[in-house]
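The values are calculated or read from the model by the stated rules, or taken from the named source; none is laboratory data. These figures come from a predicted structure and were not determined experimentally. Neighbour counts are summed over all protein chains in view; Cβ atoms, including those assigned to glycine, are modelled from backbone coordinates with ideal geometry.
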Amino acid sequence: MDHNVPRAITVGLRLRGVDVIISLEDGTSELDDSELLDRAGELGRVLFTHDDDLLAEATKKQRSGIPFAGVVYAHPLRVSIGICIDD
């Protein structure tokens with residue numbers, strides 16, 4: 001989880017048995033977007049975010065052929081916490 005994702009989403013997913021790591025727990029909350037994507041890839045995990053800038057960074061990597069594990073993006077004003085958990 002990117003540092004900008006509400007705690008309620010992490011808690012809800014964990015209650016459903018989803019293995020989630022937040023960037024704060026991993027000590028990576030201060031990394032820039034490119035480094036955070038790289039770290040998620042090192043862990044073999046997709047990165048969940050509400051950050052448009054991180055989505056843009058993922059697009060740059062994809063267009064440049066730089067591999068990464070993946071990004072799940074949800075707009076914070078258009079996708080509710082409950083839908084993020086359910087989906």
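Can residue 82 be described as touching a helix residue (DSSP H, G or I) at 6+ places or on another chain (Cβ under 9 Å) and either within 25 Å of residue 15 (Cβ to Cβ) or hydroxyl-bearing (Ser, Thr, Tyr) (or both)?
Numbers: touching a helix residue (DSSP H, G or I) at 6+ places or on another chain (Cβ under 9 Å): yes; either within 25 Å of residue 15 (Cβ to Cβ) or hydroxyl-bearing (Ser, Thr, Tyr) (or both): yes.
In short, yes.
Could you list all residues from the range 71-87 that are exposed (fewer than 13 other Cβ atoms within 10 Å of the Cβ) and within 18 Å of residue 33 (Cα to Cα)?
Of everything in the range 71-87, just one residue is exposed (fewer than 13 other Cβ atoms within 10 Å of the Cβ) and within 18 Å of residue 33 (Cα to Cα), namely 75.
What residue, of 2, 53, is part of a loop (DSSP other than H, G, I, E, B) and either surrounded by 15 or more Cβ atoms within 10 Å (Cβ to Cβ) or not β-branched (Val, Ile, Thr) (or both)? Explain how you work it out, then say what you get.
On the way: 53 fails: part of a loop (DSSP other than H, G, I, E, B).
Testing whether each residue is part of a loop (DSSP other than H, G, I, E, B) and either surrounded by 15 or more Cβ atoms within 10 Å (Cβ to Cβ) or not β-branched (Val, Ile, Thr) (or both) leaves just 2.
Every residue in the range 8-26 that is in contact (Cβ under 8 Å) with a residue 12 or more places away in the chain and in a helix (DSSP H, G or I), please. Steps first, answer last, please.
So the first thing to find is which residues in the range 8-26 are in contact (Cβ under 8 Å) with a residue 12 or more places away in the chain, and the list is 8-10, 12-13, 16, 20-24, 26.
Scanning the range 8-26 gives 8, 9, 10, 12, 13, 23, 24, 26.
Here are some residues: 25, 42, 35. Which one is in contact with a Ser or Thr (Cβ under 9 Å, 6 or more places away or on another chain) and acidic (Asp, Glu)? Break it down stepwise before answering.
Numbers: 25 fails: in contact with a Ser or Thr (Cβ under 9 Å, 6 or more places away or on another chain); 42 fails: in contact with a Ser or Thr (Cβ under 9 Å, 6 or more places away or on another chain).
That would be 35, the only listed residue that is in contact with a Ser or Thr (Cβ under 9 Å, 6 or more places away or on another chain) and acidic (Asp, Glu).
I want to confirm something. Restricting to the range 5-33 and keeping residues that are surrounded by 15 or more Cβ atoms within 10 Å (Cβ to Cβ) and small (Gly, Ala, Ser), which single residue is farthest from residue 69 (Cα to Cα)?
In this case the residue turns out to be 12.
Would you mind finding the one in 34, 29 that is assigned to a helix (DSSP H, G or I) and under 13 Å from the mean Cα position of the chain (by Cα)?
Values: 29 fails: assigned to a helix (DSSP H, G or I).
34 is the lone residue from the list that is assigned to a helix (DSSP H, G or I) and under 13 Å from the mean Cα position of the chain (by Cα).
Say whether the condition of being at pLDDT below 95 and among the β-branched types (Val, Ile, Thr) is met by at least one residue in the range 9-18. If you could, list the steps in order and put the result at the bottom.
At the first step, the residues of the range 9-18 found to be at pLDDT below 95 are none.
There is no residue in the range 9-18 that is at pLDDT below 95 and among the β-branched types (Val, Ile, Thr).
Please go through the range 37-50 and pick out each residue that is more than 9 Å from the chain's Cα centre (by Cα) and either surrounded by 17 or more Cβ atoms within 10 Å (Cβ to Cβ) or not in a loop (DSSP other than H, G, I, E, B) (or both).
Selection gives 38, 39, 41, 42.
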